[in-house]
Amino acid sequence: MEYVSKNLRKLSKQNLPVHKIYIVLALLFGIIFSIAMPVFHEQDGQYHFAASSTMVDLPVNLSNYGEYVVGSGMDNQKQFYQNGTHFQQFYLQKVQIIPQEDVPRKINALSSKFNYDYMGHIIPALGVWVGYHIYPSLGVMTIVARLFNLIVCATMMFFIIKWVKKGKLLFTCVMLSPVAIISFASLSYDAINFVWVAFLVAYMINMSLRSKLVLKKELPILAVLGVISVLWFKTNFLLLFAMPAIILVNYLISNYYGDDAVHQKSKYRVIAGVSFLTFIVGSGAFYYWTHSNGGVRYVVSRLWASFGILSTPTSSQVSQTLLAQTNRMTNGIPFWIAGVWFALLICILLVEDKYVKSKVISFGALGVFGISVLVVYMAFISYNNAISGQIYGVQGRYFTPVLLLLSLFMGNEAFKLKIKPKRIVIVLMIIIVIISNTLIVTNTLSNMHGLFIDMRG
């Protein structure tokens, strides 16, 4: 009882050990996902396994499991779940190793070692190799690889949340979402991408809080982060490097003009000039890109079709897969869960400390967030040779870690709106995390066993 009361007292304080809450819940559900979820449960699961296994020279003949193409989804496993042979098929049956050239899909991870595809599969590949030497079955190799990815990524995230000076609760919330935990408990390169993006945003938050920036210290660190980003980041995440530039420029301008009223007008003129120049360059880049992709009117109309029309598959899928779930078709949960996560996200943004003094940094973060979303849609404009209507192929997980930037926006001191107490929001977060992640597991397994069909009669 004394232990319980001690922890309850901690929970009632403002400076909460949210990093400890994170690691407990992340490992709890991550281990459950790693063991209980079907193989290939993540998006493009077959490819991630093929890439990881091929990297350690253990390409598996997946046709023995009904996977004749290296695609995505778990539908081919349903027959084994429903006839009771799943454990025998996936966990007892030993894998058949085939020549790499016989893998029925090009493994992009092998084309170059200096990209996110290869680098993002290093940890799962190591897990696949260890799993093979424990027992050479598809299930064992997959579980061990998941656990490797989970332990490495969750541990790194634990230290990031502990290290970042502000926005801790937002980091905890986003990285305890089903999308994040499923990514960690998988063979996907999304997991390490999430971690490195979180580290970069954490560094930017800590950077913005320093009263004095020493360029001789900051620039080498940013250079190292730049190398990491080139090796590990997906293309759209590279845009986040605009934020350190914004913070540095804002600091240099503020440092040059000072805070006295006499120089404020000059300072604002420079900031306005830089902002206008950035807008012109950005508009020019947008026009140039659209010119070779149907023109401005064509691109804008398709963006409107994706964002502005009710009940379109694209907007619905993105809203569902941003935080709540990775795959609507296989691990479906009620639609209202996504709404709950959005509400929780807003509450957390409003309950956290206001720590950003500069509006340039805050609105810069909002701008970078918006542009990072926009470029993904633009990249998918010709997906599956679509020439009109909404833009298909965009998934919410492409933006999940970018949500962390909102801390720099909503954390501005000028935003007076704030809710209390923090402990209630934390308790709600824990409850939502437990319920939503539990539903993911139970609904996925129910779907695999055909219980949803039986219930509908």
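Descriptive notes on the structure:
- Qualifying residue in segment 128-146 (condition: of a type in the set (Val, Ile, Thr), on the phi < 0 side of the Ramachandran plot and surrounded by fewer than 18 Cβ atoms within 10 Å (Cβ to Cβ)): yes
- Residue match in segment 374-390 (condition: of a type in the set (Gly, Ala, Ser), surrounded by fewer than 21 Cβ atoms within 10 Å (Cβ to Cβ), assigned to a helix (DSSP H, G or I) and without any contact (Cβ under 8 Å) to a residue 40 or more places away in the chain): no
- The single condition from (1) basic (Lys, Arg); (2) closer than 25 Å to Gly411 by Cβ; (3) out of contact with any helix residue (DSSP H, G or I) (no Cβ under 8 Å at 6 or more places or on another chain) that Lys166 fails is (3).
- Test: residue in segment 352-368 that is within 21 Å of Ile432 (Cβ to Cβ) and in contact with a Cys (Cβ under 8 Å, 6 or more places away or on another chain): no
- Criterion: free of Cβ contacts under 8 Å to residues at least 60 places away in the same chain, crowded, with 24+ Cβ neighbours inside 10 Å and part of a helix (DSSP H, G or I) - qualifying residue of Asn149, Asn206: Asn149
- The set of residues in segment 156-188 being within 13 Å of Phe199 (Cβ to Cβ) and outside any loop (DSSP other than H, G, I, E, B) consists of Met156, Met157, Phe158, Phe159, Ile160, Ile161, Lys162, Trp163, Phe171, Met175.
- Candidates Ile361, Ile348, filtered to the one that is within 24 Å of Lys168 (Cβ to Cβ) and in contact with a strand residue (DSSP E or B) (Cβ under 9 Å, 6 or more places away or on another chain): Ile361
- So Leu176, is it buried (at least 24 other Cβ atoms within 10 Å of the Cβ) and under 17 Å from His19 (Cα atoms): yes
- Of all the numbered requirements in (1) among the small types (Gly, Ala, Ser); (2) in contact with a His (Cβ under 9 Å, 6 or more places away or on another chain); (3) not in a helix (DSSP H, G or I), Ser52 misses one, and that requirement is (3).
Quick grid of which residues meet (1) aliphatic (A, V, I, L, M); (2) more than 20 Å from the chain's Cα centre (by Cα); (3) surrounded by fewer than 16 Cβ atoms within 10 Å (Cβ to Cβ); (4) at pLDDT 95 or above:
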site: Tyr398; (1), (2), (3), (4): no, no, no, no
site: Asn412; (1), (2), (3), (4): no, yes, no, no
site: Lys416; (1), (2), (3), (4): no, yes, yes, no
site: Pro421; (1), (2), (3), (4): no, yes, yes, no
site: Ile424; (1), (2), (3), (4): yes, yes, yes, no
site: Thr442; (1), (2), (3), (4): no, yes, yes, no
site: His449; (1), (2), (3), (4): no, yes, yes, no
site: Asp454; (1), (2), (3), (4): no, yes, yes, no
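- Qualifying residue in segment 93-102 (condition: over 21 Å from Ala125 (Cβ atoms) and in a loop (DSSP other than H, G, I, E, B)): yes
- Number of the condition not met by Leu58 [criteria: (1) touching a residue at least 40 places away in the same chain (Cβ under 8 Å); (2) outside any loop (DSSP other than H, G, I, E, B); (3) among the aliphatic types (A, V, I, L, M)]: (2)
- Out of Pro244, Pro220, sole residue that is of a type outside the set (A, V, I, L, M, F, W, C), in a helix (DSSP H, G or I) and surrounded by 19 or more Cβ atoms within 10 Å (Cβ to Cβ): Pro244
- For Ala191, the test of being in a helix (DSSP H, G or I), in contact (Cβ under 8 Å) with a residue 60 or more places away in the chain and of a type in the set (Gly, Ala, Ser) is passed.
- Residue check, Phe33 loosely packed, with under 14 Cβ neighbours inside 10 Å, in a helix (DSSP H, G or I), of a type in the set (Phe, Trp, Tyr) and at pLDDT 85 or above: no
- Note on segment 73-130: residues that are more than 22 Å from Ile143 (Cβ to Cβ), among the charged types (D, E, K, R) and modelled with pLDDT of 85 or more total 1.
The values are calculated or read from the model by the stated rules, or taken from the named source; none is laboratory data. Just so you know, these numbers come straight off a predicted model, no measurement behind them. No Cβ is skipped: glycine too gets one built from the backbone with ideal geometry, and neighbour counts run over all protein chains shown.
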